[in-house]
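**Student:** The structure's right below; bear with me while I get my questions together.
The values are calculated or read from the model by the stated rules, or taken from the named source; none is laboratory data. Just so it is clear, the structure is predicted and the values come from calculations on it, not from any experiment. Note: ideal-geometry Cβ built from the backbone for every residue, glycine included; neighbour counts use all protein chains shown. Accessible surface areas use protein heavy atoms only, side chains included; no ligands, DNA or RNA. Shrake-Rupley method; radii C 1.70, N 1.55, O 1.52, S 1.80 Å.
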Amino acid sequence: MVLTSVGKMAGLQKKASGIRNICILAHVDHGKTTLADCLISSNGIISSRLAGKLRYLDSREDEQIRGITMKSSAISLHFVKGDQEYLINLIDSPGHVDFSSEVSTAVRLCDGCIIVVDAVEGVCPQTQAVLRQAWLENIRPVLVINKIDRLIVELKLTPQEAYLHLKNILEQINAVTGTLFTSKVLEERAEKETESETLSDASPGDQIYDWSTGLEDTDDSHLYFSPEHGNVVFASAIDGWGFGIEHFAKLYSQKIGIKPAVLMKTLWGDYYLNTKAKKIMKGDQSKGKKPLFVQLVLDNIWSLYEAVMKRDKEKIEKIVTSLGLRIGARESRHADPKVHLNAICSQWLPISDAVLSMVCNKIPSPLDITAERVEKLMCVGARTFDSLPPETQELKSAFMKCSSEETAPVIVFVSKMFPVDAKALPQNKPRPLTQEEIAHRRELAKRRHAEKLAASQGKELSEKTPSENSPEVTGNAGDTKGEEQQLPGEGDSVTSKAVKQEADKEHFIAFARVFSGVVKRGQKIFVLGPKYDPAESLHKLSSQCSATDDLPAVPHMACCTLENLYLLMGRELEDLEEVPAGNVLGIGGLQDFVLKSATLSTSPACPPFTPLNFEATPIVRVAVEPKHPSDMPQLVRGMKLLNQADPCVQVLIQETGEHVLVTAGEVHLQRCLDDLKERFAKVQISVSAPIIPFRETITRPPKVDMVNEEIGKQQKVAVIHQTKEDQTKIPEGIQVDSDGLVTINTPNKQATLSVRAMPLPEEVTRLLEENSDLIRTMEQLNTSLNEDKKTHEINQKTLDRIKEFKQKLEKSLQGRKWRNAVDQIWSFGPRKCGPNILLHNFGGYKRSVWQCLGNSVKEVGKYRDFDNSIVSGFQLATLSGPMCEEPLMGVCFSVEKWEISKAGDTLSNSRQDSGELDATEHQQNEDNTLASSCTDEGPSANEHQDRNQSGTESPEKMSKHKGELLLADCYGPFSGQLIATMKEACRYALQAKPQRLMAAMYTCEIMATAEVLGRVYAVLSKREGRVLQEEMKEGTDVFIIKAVLPVAESFGFADEIRKRTSGLASPQLVFSHWEIIASDPFWVPTTEEEYLHFGEKADSENQARKYMNAVRKRKGLYVEEKIVEHAEKQRTLSRNK
């Protein structure tokens, strides 16, 4: 097929009904990019011979080397089907779990997707993940079962076995879709029920609960993949063939004389052909007949493969002539039979026709966007569509129409920013020279040549005789040279500098889709950040205002000009003047306005789209610094650019001043570091060992000791000795009860705190983690309530969610120990939304986190001014625990006592003096009037004034005042003292209980054949992994192993497994959860059995202590370890000779 011109593409963009926006999704190495190559070759962009070898959309060098896709890239294809012309915007996405964020950016811009599944491996973990992503974004999937040639060549299955295998794969995929569908229907039903319950108060006895209601009524036939629906293509992308059963239905309807519609329904399934009666009958298996699909389709493909592989020339010729194909001599004589096969198959069953016609038939055009999807995109967070302002709700019709009229509001979503070399931009591409320029260059070349000749002749003459004419010749030559240099040099030096500066600057292009209106070059438009709220801004702006007007500043909204619009063509970009609705495009000139993703609109009523949902959470951290400190500014700039270029990476500066990169996995980390070195910062960098996150927690006291003996009386004696030793470590003035209650005074002895730490049940910790966003929302609502702001924006749905969350907490926290605990929750931490709880368990205090549910109490009395200090102390304590300064998790701190004594008591005890008492009275008055920012310096300053006024005071009194001044000053503000005391109290309360470290865990899925299973297990056990399940994949010799593995042990894991198994097994690691490490990091042997078992030093490897010490070393904290100094050389028994 010929290359389509940009003008033609721009014309096709105007007809929305002929546009299809699709992405290719699959597990890693299932053949996405090869399939994309085949589709691209149909447009003549690359040669069909190179399809599958070139991997055109993998434009990065490291993608070509590793052989995996690392970014999503788009290309526009032209497809003609009958008299209808289509424009297909194809996005190829990565399959590796580390780059699943790129999949999210691709899925958001599409209306449908092609799910590719390997015919041998079947449904893999990432296949399920991409199906889920497509489902969440409400886009329609179609299926390509790829690599069918492997069933013939590698597994050597018969057509009948292959049919059963393919049937099995289809069932597996439909099972995944089915579970997604069922959960959605049940969720909707539950929502409806709760609504109806609130409306009608029917007696509970009348309702009979049946979990399956709702599933029968809803039609789910369109969801499943089935060849007769025309949404499945069987293919082998590397050999260039693919077909849907409609191709064979048309072919055989003429031969057998059965209607194509009948064949469409019966070609896949338990049907066979009765050749005598020329009828299609049901029940092939019971009668031992070949199914139609095997007989009419697979047998032919198998016999073709057999003939070509065995080089059976006669049979090949017979097949080629019967199919009416023309095969070139070069292909038929080629040494590799695969080339010959590709030539035959790609003409007989071209994969691009099969896939693209399926896409055009089955995937909706931008005009057919569903109302459900529009509402989902427009509602951020917990907001419902009905709660949006009416101007915003009106925009829904613009979405649904997808109109390209001048009056339609422009709505564009930018899903990511991607970097482009300045050379790749269309304006910087080398353009073809005009006739005048060619003539000019020819003149210059001639002149240069004449000059060289003249110079060489001059040299010869001067060597022979230094005659009079030689200096003239050389002089002339010199002149011409000077002129010639000047000609190109005038503009050249200026342009070369400009080009150099341009090349140094990294250009970012926004990867976007137009949902409504027409985007024009040079148009002014609003950029709406993810926190933009149309309800707030519409008070300030009229809904009719445009980005060109002079407008007041609105938070999270900026105005910008769209500098360039590009048609994305894989590695190339083409300039466009305007892009109508429904198209995918690149936008230049947004790099200063958009960080990673944004919504662009000409209407201020447009809400920001729901943020992209990423499957992988970034967990692998490294600290980065430049080799030469002078390169620091370049590194900082480079990291900013990297942060913009990658949707998933996080860049932060820690409290220690380190620049930290947080990435999704090892491969992702490697890519980010390469980009930083070679592209963005262009400086040499040194990278730390990965910073592994841990959490600290406490557990219940253990029932058995380290040798699994019940802890008896003899143990208790030892424990008492141990706690006595421990108590000596606790400083004076801090009392610790036997049950772990810590009582501590503030430095100025004016307040006493008693705090107890308790472990939270596991389900509560999980609940707090899952609802961290909701807790953050509650915190914002409470803050606005405290500041007496209007709370009209509290949404009923949010309140319902908060109530539900409270009920779940009450359900999980039951028993005598947790009585009324939920109502006493004072704060969550760290950062006010973490998995730890602070309770107030003392009388006279009412405030709690549930204020937003309407039971707010204005706190009065002595606690009001200082309660924030206690909360701040708790936040600090939970942010860095006592073991290795890591955040806490699953701990509940209960404040059992908080007394603020009268300030005078402590002072009067220290110095019985009337003058001093007067002073403290003064101080008391001050204390009462000052708010929480009160400092003890206030009264002393006033005293100072009094002294100056009286002027006649004895030196004795002066000295007394001095002492008083010191007492007030030396501890700083009272609120600050409370924060520090609370933090200390929490830390000592933690240390009074058995402490444990929590490690981050990966779930690890490994597919391996039976012969390498042992080696896989060896690597897992060496790295503290734990196998959860192992199952054999039906119809193959492949085992699927599911295991958990600590993140700390995962570095180099994938490489080691590949090396040990000669590349036959490759793991997929996804962050899963936090798990307590069973061993106590401070454990020492105490009982007789433990002494016998572990020895006095107990120096066998303690995993928790090893991790703890590694973190402490990294943070520069004290590590208790013995370092051997001056060790004498070991003497051997043999005499030194």
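**Student:** Spot the failing condition for residue 643; the list is (1) part of a strand (DSSP E or B); (2) within 30 Å of residue 534 (Cβ to Cβ); (3) of a type outside the set (A, V, I, L, M, F, W, C), and only one is missed.
**Tutor:** Result: residue 643 passes all but (1).
**Student:** Looking at residue 55 and the list (1) among the basic types (Lys, Arg); (2) within 30 Å of residue 581 (Cβ to Cβ); (3) part of a loop (DSSP other than H, G, I, E, B), which single condition is not satisfied?
**Tutor:** (2)
**Student:** If I filter the stretch 745-782 down to residues being at pLDDT below 90 and β-branched (Val, Ile, Thr), which single residue comes out as most open to solvent (accessible area, probe 1.4 Å)?
**Tutor:** 777
**Student:** Quick one: which of 103, 107, 80, 97 is modelled with pLDDT under 90 and among the β-branched types (Val, Ile, Thr)? Quick ask: steps written out before the conclusion?
**Tutor:** Numbers: 103 fails: modelled with pLDDT under 90; 107 fails: modelled with pLDDT under 90; 80 fails: modelled with pLDDT under 90.
97 is the lone residue from the list that is modelled with pLDDT under 90 and among the β-branched types (Val, Ile, Thr).
**Student:** So which helices (runs of 4 or more DSSP H) stay within the stretch 992-1094 end to end and still have 3 or more residues that are crowded, with 18+ Cβ neighbours inside 10 Å? Spell out the reasoning first.
**Tutor:** Working: elements: 1013-1022, 1053-1060, 1088-1094.
The helices (runs of 4 or more DSSP H) meeting that bar are 1013-1022, 1053-1060.
**Student:** Related question: Collect the residues in the stretch 421-436 that are surrounded by fewer than 17 Cβ atoms within 10 Å (Cβ to Cβ) and touching a residue at least 40 places away in the same chain (Cβ under 8 Å), keeping them in residue-number order. Break it down stepwise before answering.
**Tutor:** Step one: filter the stretch 421-436 for residues surrounded by fewer than 17 Cβ atoms within 10 Å (Cβ to Cβ), giving 421-424, 426-436.
Matches in the stretch 421-436: 421, 422, 423, 424, 426, 427, 428.
**Student:** Could you please find all residues in the stretch 374-419 being touching a helix residue (DSSP H, G or I) at 6+ places or on another chain (Cβ under 9 Å), exposed (fewer than 15 other Cβ atoms within 10 Å of the Cβ) and either of a type in the set (Asp, Glu) or assigned to a helix (DSSP H, G or I) (or both)?
**Tutor:** Scanning the stretch 374-419 gives a single hit, 386.
**Student:** Same structure again: Out of the stretch 623-640, which residues are buried (at least 20 other Cβ atoms within 10 Å of the Cβ) and outside any helix (DSSP H, G or I)?
**Tutor:** Of everything in the stretch 623-640, just one residue is buried (at least 20 other Cβ atoms within 10 Å of the Cβ) and outside any helix (DSSP H, G or I), namely 624.
**Student:** A follow-up question, please. Would the stretch 976-984 turn up any residue that is part of a strand (DSSP E or B), modelled with pLDDT of 50 or more and basic (Lys, Arg)? I'd like the intermediate steps shown before the answer.
**Tutor:** Filtering the stretch 976-984 down to residues part of a strand (DSSP E or B) leaves none.
No: zero hits.
**Student:** Quick one: is residue 319 without any contact (Cβ under 8 Å) to a residue 60 or more places away in the chain, open to solvent by less than 60 Å² (accessible area, probe 1.4 Å) and either of a type in the set (Ser, Thr, Tyr) or in a strand (DSSP E or B) (or both)?
**Tutor:** no
**Student:** Just checking, how many residues over the stretch 801-819 are without any contact (Cβ under 8 Å) to a residue 24 or more places away in the chain and open to solvent by 70 Å² or more (accessible area, probe 1.4 Å)?
**Tutor:** In the first step, residues of the stretch 801-819 are kept if they are without any contact (Cβ under 8 Å) to a residue 24 or more places away in the chain; the result is 804, 807, 810-811, 814-816, 818-819.
Now drop any that are not open to solvent by 70 Å² or more (accessible area, probe 1.4 Å), which leaves 804, 807, 810-811, 814, 816, 819.
Here the count works out to 7.
**Student:** Output the number of residues of the stretch 311-326 satisfying the condition of being modelled with pLDDT of 90 or more and either in contact with a Ser or Thr (Cβ under 6 Å, 6 or more places away or on another chain) or farther than 29 Å from residue 261 by Cα (or both).
**Tutor:** Qualifying residue count for the region: 5.
**Student:** Continuing with this model, one more query. So is residue 604 modelled with pLDDT under 90 and buried (at least 22 other Cβ atoms within 10 Å of the Cβ) or not? Can you show your working first?
**Tutor:** Values: modelled with pLDDT under 90: yes; buried (at least 22 other Cβ atoms within 10 Å of the Cβ): yes.
Judged against the criteria, residue 604 is a match.
**Student:** Same structure, new question: What number of residues in the stretch 226-242 are of a type in the set (Ser, Thr, Tyr) and open to solvent by less than 10 Å² (accessible area, probe 1.4 Å)?
**Tutor:** Step one: of the stretch 226-242, the residues of a type in the set (Ser, Thr, Tyr) are 226, 236.
Within this subset, residues satisfying the condition of being open to solvent by less than 10 Å² (accessible area, probe 1.4 Å) are 236.
Looking only at that region, the number is 1.
**Student:** Scan the stretch 244-266 residue by residue and report those that are buried (at least 22 other Cβ atoms within 10 Å of the Cβ) and not in a helix (DSSP H, G or I).
**Tutor:** Matches in the stretch 244-266: 244 only.
**Student:** Right, residue 1006: under 29 Å from the mean Cα position of the chain (by Cα), in contact (Cβ under 8 Å) with a residue 40 or more places away in the chain and closer than 18 Å to residue 129 by Cβ or not?
**Tutor:** Working: under 29 Å from the mean Cα position of the chain (by Cα): yes; in contact (Cβ under 8 Å) with a residue 40 or more places away in the chain: yes; closer than 18 Å to residue 129 by Cβ: yes.
So residue 1006 passes the test.
**Student:** Considering only the stretch 651-707, state which residues are within 20 Å of the chain's Cα centre (by Cα), assigned to a helix (DSSP H, G or I) and closer than 16 Å to residue 641 by Cβ.
**Tutor:** 671, 672, 673, 674, 675, 676
**Student:** Let me ask something additional. I need the full set of residues from the stretch 1-29 which are in contact (Cβ under 8 Å) with a residue 24 or more places away in the chain and more than 24 Å from residue 361 (Cα to Cα), in order please.
**Tutor:** Within the stretch 1-29, 6, 27, 28, 29 qualify.
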